[in-house]
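S.K.: Just passing along the structure, written as structure tokens.
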Amino acid sequence: MKKNDIIPLHIDSVASDGSGVGRHENLVIFVPMSCAGDTIEAHILKVKTSYAFAKVHRILTPSPDRIEADCAVYRQCGGCAFRHMHYAAEKREKRAMVDDALQRIGGLDMRCEDMLALSPERYRNKAQYPLREEGGEIKAGFFARHSHRVIPCGDCLLEPAVFGEILKAVIYFLQQHRVSVYNEQTHKGLVRHLFLRCTQGAGKISLCLVLNGTAFAQQRAFAAFMSASFPAIRSIVLNFNTAKTNVILGDTYRTIFGDSHIEDVLLGRKFRISSASFYQVNHDMCEKLYTKAAEYAALQPGETLLDLYCGAGTVGICLAPENCRLIGVDIVPEAVENARENAALNDLKNAEFICADAAAATTILKEKGLHADCVVIDPPRKGCDERTIENIVAFGAQRLVYISCNPATLARDLKIFQRKGYMAERACAADLFPRTAHCESVVKLTRA
């Protein structure tokens, strides 16, 4: 087999990135935008020793799971992985991915007890659009898969429709005022990204313009135009990022209209969210996930909850009853400050937040002799390092609640916890990112 061969292929299963998986001549072949049950002609793109990559050349027999994609740029955009598939099938595949990781990587004899899910459309409360110039016109949208080529998208079906309208208005303003946009190759041009956030139902919107510079001469006119055009915009912020980097946001912000944040309500608690804060992008599914996490935590009056990777404090504040002690830890100073503000906003008297990485903070707290009855962790995709796990274990908490956005690193960490005396007791999958390849999960661990 070699590049550009076209071969018949039956798709047997779905990989963790959403690609269909088939086998031909002892090679595993990964094919994006294919479904388990498809029989296709596959166009080979790259061949390795034991596996290959291909694309769908022609569908010979469609899977019962297959539907017609309802997005014009789905095949070019790198956002969605499952828009060619019935949502019921997507949920089944994602639950199977979590189960497979728990059993194959974690060596655990368990399955998810449930798959939490809601509507797969218009759920995102956050969007980040790169802006580029091509042929004298400004393009904005999303990066194509495995590239930095911008695919224009006027109305992403994962986001509120108003986001697309705001994007068009921003482009119109920049063109009318001849404001330059960023060029990655030359590192010239002013506007790099448009960053939008909204509350549930898009009732309040924050707009952040990321600039390759320290000044925006048209900022007053921009703030007046955008706020008049969209009354839901309550905050307009400039972010300055002059580094030659793929990181979207820089460290410096300046508010040019309204507040530096917007407020949202999650499980009856109020939260202030700035551009730098971590906040789950799917509000309604976040409530379902945190409700399940609270069930697993089972906090009793007077107990202490340790919330690692706390972000703006959303997990701990939602899980901890008013008569519990809450200690939150995060490495981002702005997020910790937001967490303190959010605790005060909800009149939580017995809450404190520490700015440090998880490993360092657990070391400090252990040295202070802290006892935690329950530890909740919601780490980044890379999971926990072993030092952090050792320190968590040293607290001697009876219960751990592990929220994860990566089934593979979750399963790896659960295996380590098991060796150190914590047994995974219950697990639940939660689809916070429908139509993408990502899936959240939450696991309850109990000290043996």
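S.K.: So which residues in the stretch 38-61 are part of a loop (DSSP other than H, G, I, E, B) and under 13 Å from P8 (Cα atoms), if there are any at all? Explain how you work it out, then say what you get.
M.R.: Here is the first cut: in the stretch 38-61, the residues part of a loop (DSSP other than H, G, I, E, B) are 38, 48-50.
If the condition is that a residue be part of a loop (DSSP other than H, G, I, E, B) and under 13 Å from P8 (Cα atoms), then D38 is the only one that fits.
S.K.: Residues that are modelled with pLDDT under 95, touching a strand residue (DSSP E or B) at 6+ places or on another chain (Cβ under 6 Å) and assigned to a strand (DSSP E or B): does the stretch 391-408 have at least one?
M.R.: no
S.K.: Then there's this: Looking at the stretch 369-380, can you tell me whether even one residue there is buried (at least 22 other Cβ atoms within 10 Å of the Cβ), closer than 30 Å to N125 by Cα and touching a Cys at 6+ places or on another chain (Cβ under 7 Å)?
M.R.: Within the stretch 369-380, one or more residues are buried (at least 22 other Cβ atoms within 10 Å of the Cβ), closer than 30 Å to N125 by Cα and touching a Cys at 6+ places or on another chain (Cβ under 7 Å).
S.K.: Examine the stretch 226-244 for a residue that is over 28 Å from the mean Cα position of the chain (by Cα) and closer than 21 Å to V181 by Cβ, and state whether such a residue exists.
M.R.: The answer is yes; a qualifying residue exists.
S.K.: Right, another one. Among F30, F53, which is the only one that is within 16 Å of F82 (Cα to Cα), among the aromatic types (F, W, Y) and not assigned by TED's automatic domain parsing to the domain that holds R104?
M.R.: Details: F53 fails: within 16 Å of F82 (Cα to Cα).
None of the other options fit; the residue is F30.
S.K.: For A339, indicate whether it is under 21 Å from E440 (Cα atoms), of a type in the set (A, V, I, L, M, F, W, C) and either in the same structural domain as N391 (by TED's automatic domain parsing) or at pLDDT below 95 (or both).
M.R.: Numbers: under 21 Å from E440 (Cα atoms): no; of a type in the set (A, V, I, L, M, F, W, C): yes; either in the same structural domain as N391 (by TED's automatic domain parsing) or at pLDDT below 95 (or both): yes.
In short, no.
S.K.: Test each condition in (1) under 24 Å from V315 (Cβ atoms); (2) surrounded by 20 or more Cβ atoms within 10 Å (Cβ to Cβ); (3) over 22 Å from the mean Cα position of the chain (by Cα) for F271 and report the one that comes out false.
M.R.: Condition (3) is where F271 drops out.
S.K.: Considering only residues of the stretch 409-425 that are small (G, A, S) and surrounded by 18 or more Cβ atoms within 10 Å (Cβ to Cβ), which is nearest to H438 (Cα to Cα)?
M.R.: Here is the first cut: in the stretch 409-425, the residues small (G, A, S) are 411, 421, 424.
Cutting the leftovers down to surrounded by 18 or more Cβ atoms within 10 Å (Cβ to Cβ) gives us 411, 424.
On the way: A411: 15, A424: 22 Å.
For the stretch 409-425, the residue satisfying everything is A411.
S.K.: Another question, if that's okay. Working carefully through the options G369, G383, G396, find the one that is small (G, A, S) and in contact with a helix residue (DSSP H, G or I) (Cβ under 9 Å, 6 or more places away or on another chain). Step through it out loud before you land on a result.
M.R.: Working: G369 fails: in contact with a helix residue (DSSP H, G or I) (Cβ under 9 Å, 6 or more places away or on another chain); G396 fails: in contact with a helix residue (DSSP H, G or I) (Cβ under 9 Å, 6 or more places away or on another chain).
Among G369, G383, G396, only G383 is small (G, A, S) and in contact with a helix residue (DSSP H, G or I) (Cβ under 9 Å, 6 or more places away or on another chain).
S.K.: Any residue in the stretch 232-248 that is at positive phi and surrounded by 15 or more Cβ atoms within 10 Å (Cβ to Cβ) sitting within a Cβ distance under 6 Å of a residue that is at pLDDT 95 or above and part of a strand (DSSP E or B)? List the pairs, counting only those 6 or more apart or interchain.
M.R.: Pairs that qualify, where the first residue is at positive phi and surrounded by 15 or more Cβ atoms within 10 Å (Cβ to Cβ) and the partner is at pLDDT 95 or above and part of a strand (DSSP E or B): there are none.
S.K.: Oh, and also: If D373 passes every condition in (1) touching a Ser or Thr at 6+ places or on another chain (Cβ under 6 Å); (2) without any contact (Cβ under 8 Å) to a residue 40 or more places away in the chain but one, which one does it miss?
M.R.: Going through the list (1) touching a Ser or Thr at 6+ places or on another chain (Cβ under 6 Å); (2) without any contact (Cβ under 8 Å) to a residue 40 or more places away in the chain, D373 breaks only (2).
S.K.: Check every one of the strands (runs of 3 or more DSSP E) wholly within the stretch 172-257 and list those with 2 or more residues that are touching a Cys at 6+ places or on another chain (Cβ under 6 Å), under 25 Å from F271 (Cα atoms) and at pLDDT 95 or above. Walk me through it before giving the result.
M.R.: Numbers: elements: 191-198, 205-211, 233-240.
Passing ranges, in order: 233-240.
S.K.: Which residues, counting only those in the stretch 127-160, are among the hydrophobic types (A, V, I, L, M, F, W, C) and not in a strand (DSSP E or B)? Quick ask: steps written out before the conclusion?
M.R.: Of all residues in the stretch 127-160, those among the hydrophobic types (A, V, I, L, M, F, W, C) come to 127, 131, 138, 140, 142-144, 150-151, 153, 156-158.
Passing the criteria: C153, C156, L157, L158.
S.K.: Look at the stretch 428-448 and say how many of its residues are aliphatic (A, V, I, L, M) and more than 14 Å from V376 (Cα to Cα).
M.R.: Residues that pass the stated criteria total 5.
S.K.: Looking at (1) buried (at least 18 other Cβ atoms within 10 Å of the Cβ); (2) of a type in the set (S, T, Y); (3) modelled with pLDDT under 95, find the lone condition where S147 falls short.
M.R.: The number of the failed condition is (1).
S.K.: Which number in (1) in a loop (DSSP other than H, G, I, E, B); (2) touching a Leu at 6+ places or on another chain (Cβ under 7 Å); (3) not assigned by TED's automatic domain parsing to the domain that holds S441; (4) not polar (S, T, N, Q) marks the one condition that M110 misses?
M.R.: Failing condition for M110: (3).
S.K.: Continuing with the same structure: Check whether at least one residue in the stretch 304-317 is free of Cβ contacts under 8 Å to residues at least 24 places away in the same chain and either in a helix (DSSP H, G or I) or not assigned by TED's automatic domain parsing to the domain that holds V162 (or both), and report yes or no.
M.R.: Pass one, the stretch 304-317, residues free of Cβ contacts under 8 Å to residues at least 24 places away in the same chain: none.
No - not one qualifying residue is present in the stretch 304-317.
S.K.: Go through the stretch 62-107 and give me each residue that's in a loop (DSSP other than H, G, I, E, B), more than 19 Å from the chain's Cα centre (by Cα) and crowded, with 23+ Cβ neighbours inside 10 Å.
M.R.: Once the filter is applied, which keeps residues that are in a loop (DSSP other than H, G, I, E, B), more than 19 Å from the chain's Cα centre (by Cα) and crowded, with 23+ Cβ neighbours inside 10 Å, the stretch 62-107 yields H84, G106.
S.K.: A follow-up question, please. List pairs: first residue in the stretch 30-54 and under 17 Å from T436 (Cα atoms) and at pLDDT 95 or above, second residue hydroxyl-bearing (S, T, Y) and not in a strand (DSSP E or B) anywhere in the structure, Cβ distance under 7 angstrom, at least six positions apart or on different chains.
M.R.: Filtered contacts from the stretch 30-54: F30/S19; V31/S19; P32/S19; C35/S63; A36/S63.
S.K.: Which one of these does I327 not meet: (1) touching a helix residue (DSSP H, G or I) at 6+ places or on another chain (Cβ under 6 Å); (2) under 23 Å from A361 (Cβ atoms)?
M.R.: Condition (1) is where I327 drops out.
S.K.: A follow-up question, please. Do we have L289 as more than 19 Å from the chain's Cα centre (by Cα) and crowded, with 23+ Cβ neighbours inside 10 Å here?
M.R.: Numbers: more than 19 Å from the chain's Cα centre (by Cα): no; crowded, with 23+ Cβ neighbours inside 10 Å: yes.
Here the answer is no, as L289 does not meet what is asked.
The values are calculated or read from the model by the stated rules, or taken from the named source; none is laboratory data. What you are looking at is a predicted structure, and each value in this text was computed from that prediction instead of being measured. In this analysis, Cβ positions are derived from the backbone assuming ideal geometry, glycine residues included, and neighbour counts consider all displayed protein chains.
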